[in-house]
Amino acid sequence: MTSNHISRRSFLGRSATGAGLAAGIPCPVRAAAQSAGIQPNDFIVKEVKVYTVDSGRDHEVDHIAAIVTNGGWEGNYTLGLRYPHPNWSNLGWLDYAKSQLPGKSVLDLPALTSQWSPTMRRLGQLSYASAIDNCAWDIMGKALGLPVYRLLGAYRDRVRAYASSQHLQTVEAFVDDLQRARNEGFTAYKIHPPWLPGNTVDIRLDIEVAKAVRKAAGDAMPLMFDRVGGYTRDEAMKVGRALDQLNYVSYEDPIPTSDIDGLVALTAALDVPITIGEFIFSPYNYGEYIRRGAVDIVRFIVDNIGGITSGMKVGRLAECFGMECQPHNWGGVFDHAVHFHCELAMPNNIWFEMTQPQGLSDRAYFKDRIRIERDGYVRAPVKPGLGYEIDRDMLDKAMKSVER
């Protein structure tokens, strides 16, 4: 008898091109593509480019990443020249993408953007990974005729929205903003308190704002508070105790995220949940905060951690620890969209963050708009990919240049 013995190590460790366990686990997107008669070659990247487009706002321009496959599908995502939270530059994205992507399949997404290598786990990801990841998901959705959240595994088809304020300057401005949001159908509200000259804060003013908004909102409306890391430990504790008395449901980034000991003290002392994650720049860095009790509600920005794929990793990590995950939706249409798809696929999510005022980030070159309905929810997109279609005629009219 001929022995076909395969060791445990070789069975588990063979590459996806071999006969090991990895090859035996089907990629759902790959399997669906095969069922639909789509050829593997159709997913091969043939071109990468960047559109520079007139935004229609005060002579500002938008940069849009575009990855095109042999099958003719184009994936797009906003290409911010700078990510403000980690202070990363994206100026080299096109050259990097051209050097890495042509000839490779978007179905092999982990190989294109993985951060598992020891160097990346130690030093952090490339800033270029997120746009690549998001474009790839857009392509896969368009190829299969499904919105991305359906590929991720749909949990719901709508998410309750909260109105997320600008950093307004007066108590009266916040109360007026709250009332406008309620009139539009919002059932929850988040305060971004004032920044004073020199990026300083005044906790007395912040507490006054929190009290006035609670009084105007009534006792039942969920309220949130985001200081964007601006307090000292002592200031954060004083404001947090006020938020406890006012029954706020989230206290976001009260102190710098790097101060883990301070966050541990806040979570232990306060009833209001401490929400952390916008200033964490790798999915592998979340575990320390959860393990040490430095966070109650987990948050992420996909641009900071490697795209939709990494966002779902963080969401599932939080789920496994019984924690709510509250992605950041702030920004333009694509920024809202990528986080929305994660939210629709996560059982441990409650909220959709809607930048205020609604429509602030609308662009003429999109056919679709993101809006809440009168019941305070945002419905899932029905179009394939990221779900918010670019109007190609309007895009061509707004085009200033195409870099290849």
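The values are calculated or read from the model by the stated rules, or taken from the named source; none is laboratory data. All values derive from a computational prediction rather than experimental measurement. All Cβ positions, even for glycine, are placed from backbone atoms using ideal geometry, and neighbour counts span all protein chains on display. Keep in mind that these areas ignore ligands, DNA and RNA; they rest on the heavy atoms of the full protein, side chains included. Shrake-Rupley method; radii C 1.70, N 1.55, O 1.52, S 1.80 Å.
Assorted remarks:
- Taking strands (runs of 3 or more DSSP E) as the structural unit, those lying wholly within region 29-92 and holding at least 1 residues that are open to solvent by less than 50 Å² (accessible area, probe 1.4 Å) and in contact with a Cys (Cβ under 6 Å, 6 or more places away or on another chain) correspond to 61-69, 74-78.
- Residues of region 148-172 classified as in a loop (DSSP other than H, G, I, E, B), open to solvent by less than 70 Å² (accessible area, probe 1.4 Å) and over 29 Å from G385 (Cα atoms), total: 2
- If you go through region 218-236 and keep only what is in a helix (DSSP H, G or I) and open to solvent by 10 Å² or more (accessible area, probe 1.4 Å), you end up with R233, D234, E235.
- Taking region 99-110 as the range and being modelled with pLDDT of 90 or more and either open to solvent by 30 Å² or more (accessible area, probe 1.4 Å) or on the phi > 0 side of the Ramachandran plot (or both) as the test, the residues that pass are S99, Q100, P102, G103, K104, D108.
- Qualifying residue in region 15-27 (condition: surrounded by 14 or more Cβ atoms within 10 Å (Cβ to Cβ), at pLDDT 90 or above and more than 19 Å from G306 (Cβ to Cβ)): no
- Scanning region 336-365 for residues that are small (G, A, S) and more than 9 Å from the chain's Cα centre (by Cα), we see that the one that is modelled with the lowest pLDDT is S361.
- Some residue of region 134-147 being within 16 Å of F281 (Cα to Cα), among the charged types (D, E, K, R), in contact (Cβ under 8 Å) with a residue 40 or more places away in the chain and buried (at least 24 other Cβ atoms within 10 Å of the Cβ): no
- Search result, residues across region 237-260 that are in a helix (DSSP H, G or I), in contact (Cβ under 8 Å) with a residue 12 or more places away in the chain and open to solvent by 10 Å² or more (accessible area, probe 1.4 Å): M237, K238, R241, A242, D244, I260
- The set of residues in region 351-404 being under 25 Å from D177 (Cβ atoms) and open to solvent by 80 Å² or more (accessible area, probe 1.4 Å) consists of R369, R371, E373, R374, R379.
- Selection from region 261-294 of residues that are under 14 Å from D226 (Cα atoms) and in a loop (DSSP other than H, G, I, E, B): V272, P273, G277, E278, F279
- Screening G198 with (1) within 14 Å of L168 (Cα to Cα); (2) assigned to a loop (DSSP other than H, G, I, E, B); (3) open to solvent by 10 Å² or more (accessible area, probe 1.4 Å) gives one miss only, at (1).
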